[in-house]
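The structure appears right after this line, and notes come after that.
The values are calculated or read from the model by the stated rules, or taken from the named source; none is laboratory data. A quick note: this is a predicted structure, and the numbers were derived from the prediction, not measured. Cβ sites come from the backbone with ideal geometry, for glycine too, and all protein chains shown count toward neighbours. These area figures cover heavy atoms from the full protein model, side chains too; ligands, DNA and RNA do not enter into them. Shrake-Rupley method; radii C 1.70, N 1.55, O 1.52, S 1.80 Å.
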Amino acid sequence: RIGLPDTQAWDFAASTNKVTLLARQWQLSELVALQQSADIQAHGTLEGELPLTVSDGRIIIENGYLRALPPGGSIQYRANDETRALAQSNPELDLALNLLRDFQYRDLNSEVELDKAGNLLLALSLAGSNPTYYEGQPINFNINVEQNLDPLLQSLRLSDNLEEQIESSSIH
């Protein structure tokens, strides 16, 4: 579910509007399924807040977060052959892949920022263990991903425009 904390007004004449979206009872398995990859399975329940500002046609997210609810959950990542080949020359990557084969997390936290230029920053932290490695010793992962979403959004718009043109030409 995604909702609003209370009744909110939207001023269509204003150049800027703000709203906070509340994420409740998000199933990590369903979010991972959106990736359409058989390489990863994950379980757990998430909640969070995404404070959105819509300014001059741009969406900005400041201090957004998602976090796992207790008792946590699990992540099972089965690396494909290409990733395994890459890991053979990178001991840190090989260790991370082995730990993520059956990672039981107690904490999963993600901070979300999206600036006016379309730069998305995701800061993910995981705390847990893999019972088959290092006698289940606690492990912490910190992963930061930065990506500009503008090229992706532009590609989606071009795809939609092409689809509309094909549909309109086939109707006539």
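Near residue 120, within a Cβ-to-Cβ distance under 15 Å, what is the net charge of the other residues, with Lys and Arg +1 and Asp and Glu -1?
Numbers: positive: 58, 116; negative: 62, 111, 113, 115, 146, 150.
For residues surrounding residue 120, the net value is -4.
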Helix runs (DSSP H) in the chain reaching 18 Å along axis by Cα, Kyte-Doolittle at least -0.5: 150-171
Accessible area, probe 1.4 Å, largest first, for residues 103, 141, 12: 12, 141, 103
Positive-end residue of 112, 17, 138, charge dipole of the chain with Cβ unit charges: 138
Nearest-20 debye value, region 1-113 charge dipole, Cβ charges on Lys, Arg, Asp, Glu: 280 debye
Option label - Rg/Rh (Cα atoms, Kirkwood Rh) computed here, alternatives [x] 1.06; [y] 0.94; [z] 1.00: [x]
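Ignoring everything except DSSP H segments at least 4 long, calculate the 222 nm mean residue ellipticity for the chain; use -39,500 (n - 2.57) per segment, divide by total residues, nearest 500. Walk me through the numbers on the way to the answer.
Values: 4 runs with 45 residues, N = 172.
Rounded to the nearest 500, it is -8000 deg cm²/dmol.
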Highest-MSF residue in the chain out of 49, 113, 82 [GNM, Cα springs under 10 Å]: 82
In order through region 45-50: 3J(HN,Hα) via Karplus (6.51 cos²θ - 1.76 cosθ + 1.60), integer Hz, x for Gly, Pro: 10, 10, 9, x, 9, 10
Local net charge near residue 19, Cβ-Cβ under 12 Å (Lys/Arg +1, Asp/Glu -1): -2
Around residue 48: net Lys/Arg minus Asp/Glu count, Cβ-Cβ under 11 Å: -1
Calculated Rg and Dmax of region 45-143 using C-alpha coordinates, Å: 16.7, 53
Solvent-accessible area of residue 106 with every protein chain in place, 1.4 Å probe, in Å² to the nearest 10: 120 Å²
